[in-house]
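Some notes on the structure that comes next.
The values are calculated or read from the model by the stated rules, or taken from the named source; none is laboratory data. Because the structure is a prediction, the values reported are computed rather than measured. With ideal geometry, Cβ positions are generated from the backbone for all residues, glycine too; neighbour counts draw on all protein chains shown. Accessible surface areas use protein heavy atoms only, side chains included; no ligands, DNA or RNA. Shrake-Rupley method; radii C 1.70, N 1.55, O 1.52, S 1.80 Å.
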Amino acid sequence: MSNKPQTSKILNSVLWITQLLLSITFIWAGSMKLVDPSELPFPWVKNNEILVKLTGVLDLLAGIGLVLPALLRIYPQLTIFSAYGTILLMSAAIVFHVARGEASQIGFNVFVMLAAIFIAWGRQKKVPISAK
């Protein structure tokens, strides 16, 4: 008796939960950056309007890309590419914060990057989009 199908279903569920949580987080963050960035409590927002808008667009794309392709089963490999893009975005955010002397604020970025690594790993032939 093999335990692999049960493990695959559990891993698939955990991957979906992780994807949904990151997606919601990114869509919220992207919306905030694009709609009213002056309300954000981050010091880097001031005098960086172009950077705020750019990261807002990237956040929205990440939020959509982490769920929608897999959910609709239209080019589901785009979910993996979105996870890679999220890893790059969080790496850039970490470098940005460290360069500004804000190393104490990178915890969230590290957490999100680790979650994106988990998604990329899990969706790379390890667990198909739907475990049957």
| field | Residue check for Ile87: hydrophobic (A, V, I, L, M, F, W, C) and open to solvent by 70 Å² or more (accessible area, probe 1.4 Å) | value | no
| request: Examine the stretch 69-77 for a residue that is under 26 Å from Gln124 (Cβ atoms), assigned to a loop (DSSP other than H, G, I, E, B), without any contact (Cβ under 8 Å) to a residue 40 or more places away in the chain and of a type in the set (Ser, Thr, Tyr), and state whether such a residue exists. | output: yes
| request: Would you be able to say whether some residue in the stretch 25-38 is in contact with a helix residue (DSSP H, G or I) (Cβ under 6 Å, 6 or more places away or on another chain), touching a residue at least 24 places away in the same chain (Cβ under 8 Å) and among the basic types (Lys, Arg)? | output: yes
| task | Kindly list the number of the only condition in (1) in contact with a Phe, Trp or Tyr (Cβ under 9 Å, 6 or more places away or on another chain); (2) under 21 Å from Leu114 (Cβ atoms) that fails for Leu60. | result | (2)
| request: Could you check, for the stretch 17-36, whether at least one of its residues is modelled with pLDDT under 80, out of contact with any Gly (no Cβ under 8 Å at 6 or more places or on another chain) and either among the hydrophobic types (A, V, I, L, M, F, W, C) or surrounded by 19 or more Cβ atoms within 10 Å (Cβ to Cβ) (or both)? | output: no
| under 19 Å from Thr18 (Cα atoms), open to solvent by 30 Å² or more (accessible area, probe 1.4 Å) and either outside any helix (DSSP H, G or I) or among the small types (Gly, Ala, Ser) (or both): does that describe Gly101? | no
| task | Please work out if Val52 is assigned to a loop (DSSP other than H, G, I, E, B), more than 16 Å from the chain's Cα centre (by Cα) and either surrounded by 18 or more Cβ atoms within 10 Å (Cβ to Cβ) or at pLDDT below 85 (or both). | result | no
